[in-house]
Amino acid sequence: EEEEEEEELEMEPDAAGLEEFYDGTFSLLEGGLSAAAGQGSLEPQKLCRILEAGDVSPASKVLVALGGEAFVDELLLLSPSAVELLHFSLQTLSRIKEKYDEVRCWHMSVPNLPDVSGPFDVVFLNHLSIFVSSPQNLFRAITDLCRPGARIVVSYPRARCHLAALKERSSGFMLSDLPDTNNLKSTILSLPLEVVNLQDEPDFYIATLKVTGELNAGEAENTWVLTSTEDQSQIPLQIRGEVVHGLGRGRKQLGFPTANLSVEKLPKKAAGLRKGVYYGWAQVIATGIDSKVHEMVMNVGHRPTFNDSDTVILMI
């Protein structure tokens, strides 16, 4: 019974209801980050402080969660190399996409993240963490999308009492509180993250984290990145593995080269892919051969062309 209850807490909330709630409170949650004075806006200095915490440079690849139009306006003035935006609201995404076609926009719900590309140098989570039941899982998923040295910025532009009042009206969509220093350190204890700075002021909250290493440290030869907490069939999936010798039939009999990867040596998520044919890009790294990135087709399963045994292989 306890396991069933825990699983239920991780279930995705009603996406339409969440979007409706967010659209109804947009001015309260994001209006405080307007660079221009006006109704519903707070000091533009808060927006500047959030962006400064990210330390964005022209070389930065940036991921923004729940950033409004004013936030994206100011971020793009810093000329980052690429920006991807996650949001609950299709209205917000459509406005930003119409204004900035170069920004990749993703409609999201929680607890799962869409298939953003990564790796990122800066992640502005803004107030996304208050909408998830497990902030630790969120930080784990985000860390897996970051380069070592990347910065993750969590912020809320209003007072905690405002957050508490909003939570009462949220119909259960707001699941967590803003962590204080001890809670935040406890949340990231098992992750390659460190708290750079946390300022919990009467009317403003900002915490800056730094990625200190790779999430799968110690498994550098078999790293994988899965950007969703759904099952292992979710893609894109990035894997690295050792090429093992096959029977040489791909080049000789089929007319194109193949590379076999040992399923036993792949990480569990990759080895557990459903049988089928996948497409993507591949690179073979070795001395004296073409190391360019090529389009590829990958077969996970049997080899019916040769009427082989039921042994499952992964062939590129």
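The values are calculated or read from the model by the stated rules, or taken from the named source; none is laboratory data. Because the structure is predicted, anything quoted here is derived from the model rather than measured. Note that we place each Cβ from the backbone using ideal geometry, even for glycine, and neighbour counts take in every protein chain shown. SASA here: full protein model, heavy atoms, side chains in, ligands and nucleic acids out. Shrake-Rupley method; radii C 1.70, N 1.55, O 1.52, S 1.80 Å.
Quick notes on this structure:
- Environment charge of R151, counting only residues whose C-beta is closer than 14 Å and scoring Lys/Arg +1, Asp/Glu -1: 0
- Solvent-accessible area of R95 with every protein chain in place, 1.4 Å probe, in Å² to the nearest 10: 90
- Net charge of neighbours whose Cβ lies under 14 Å from the Cβ of N197, counting Lys and Arg as +1 and Asp and Glu as -1: -2
- Members of K99/K292; K61/K99; K97/K292; K61/K167; K61/K185 lying beyond 28 Å, as alpha-carbon distances in this model show: K99/K292; K97/K292; K61/K167
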